[in-house]
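Comments concern the structure below.
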Amino acid sequence: MSAFFGPMDAEGRVPARQQTRVASFLVSAHGALGRRFALALPPRLESAWQAELNAQFYNESEIVSLLLRATSWTPDLALAYLAAAWETAWFPAPAEGIPDPTLALAVDLATLAHAVHAGIRPAALLPLEANANDPFAMALRRVEFESGRLLQAQIMFLKGESLIPFRDAVSTTLERRHAEVRKLWREMLESIGISRSENDAKP
């Protein structure tokens, strides 16, 4: 196995099979976040954090749109069962130890978003010989840049005053979500011949 995409084709592009599998995973994860942010939005924005939810929803939608257009797709029969496992992992799982159901779901969503944005670094898989002008390579770099920016919103929420009484519950939920995302990301990469260490996967 290799730590990077490849071997690159004559034009320095990532093989279509690897593009398809990685993009499918990212579309699944960011698409799920987008859907959950959309469901969490009220009909009318009345506070700063609700405005942030709206921004997060549109940013996740843009990431999905970019990947759909920048990827060189190829048939991948394994995606039928892989996608089912990924989508199941993104299901809401209210944080245990937080009595308010709405807040417990908000914590779960923020920790899942934190795990996806901090734990997945797709541009790090690009070797030095990758064509910097290839749409897929550019998309992965953009996804990583946007993830770093969006991560700040999750950090602010999870460290906010409203969650001070539930620090242990938040930490437990965050660790669980990070472990789930790392495991799925690592297994998906191994399925296309890429091996990443635990240290590479951790935020």
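The values are calculated or read from the model by the stated rules, or taken from the named source; none is laboratory data. Remember, predicted model here, so these are calculated numbers, not experimental data. Neighbour counts run over all protein chains shown; Cβ positions are idealised from the backbone, glycine included. In case anyone asks, the SASA skips ligands and DNA or RNA and just uses the protein heavy atoms, side chains included. Shrake-Rupley method; radii C 1.70, N 1.55, O 1.52, S 1.80 Å.
Structure summary
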quantity	calculated
Ala16 being surrounded by 19 or more Cβ atoms within 10 Å (Cβ to Cβ), of a type in the set (A, V, I, L, M) and at pLDDT 95 or above	no
Residue check, Ser171 of a type in the set (S, T, N, Q) and under 17 Å from Gly34 (Cβ atoms)	no
Filter pass, Val64 being under 18 Å from the mean Cα position of the chain (by Cα), in contact (Cβ under 8 Å) with a residue 40 or more places away in the chain and in a helix (DSSP H, G or I)	no
Residues within region 19-52 that are among the aliphatic types (A, V, I, L, M), part of a loop (DSSP other than H, G, I, E, B) and open to solvent by 60 Å² or more (accessible area, probe 1.4 Å), tallied	1
Number of the exception - Ile192 against (1) open to solvent by less than 20 Å² (accessible area, probe 1.4 Å); (2) in a helix (DSSP H, G or I)	(2)
Condition check for Ala130: in contact (Cβ under 8 Å) with a residue 60 or more places away in the chain and under 30 Å from Asp9 (Cα atoms)	yes
Residue, most open to solvent (accessible area, probe 1.4 Å), within region 72-100, restricted to residues that are small (Gly, Ala, Ser) and in a helix (DSSP H, G or I)	Ala80
Criterion violated by Gly97 - all others in (1) within 17 Å of the chain's Cα centre (by Cα); (2) in contact (Cβ under 8 Å) with a residue 60 or more places away in the chain satisfied	(1)
Region 1-33, residues that are touching a strand residue (DSSP E or B) at 6+ places or on another chain (Cβ under 8 Å) and not aromatic (Phe, Trp, Tyr)	Met1, Ser2, Ala3, Gln18
Filter result (more than 17 Å from Phe166 (Cα to Cα) and of a type in the set (Gly, Ala, Ser)) within region 108-123	Ala113, Ala115, Ala118, Gly119, Ala123
Filter result for Ala55 (in a helix (DSSP H, G or I), open to solvent by 50 Å² or more (accessible area, probe 1.4 Å), of a type in the set (A, V, I, L, M) and modelled with pLDDT under 95)	no
Single residue of region 119-170 satisfying the filter (of a type in the set (Lys, Arg) and either open to solvent by less than 70 Å² (accessible area, probe 1.4 Å) or not in a helix (DSSP H, G or I) (or both)) that is farthest from Asn59 (Cα to Cα)	Lys159
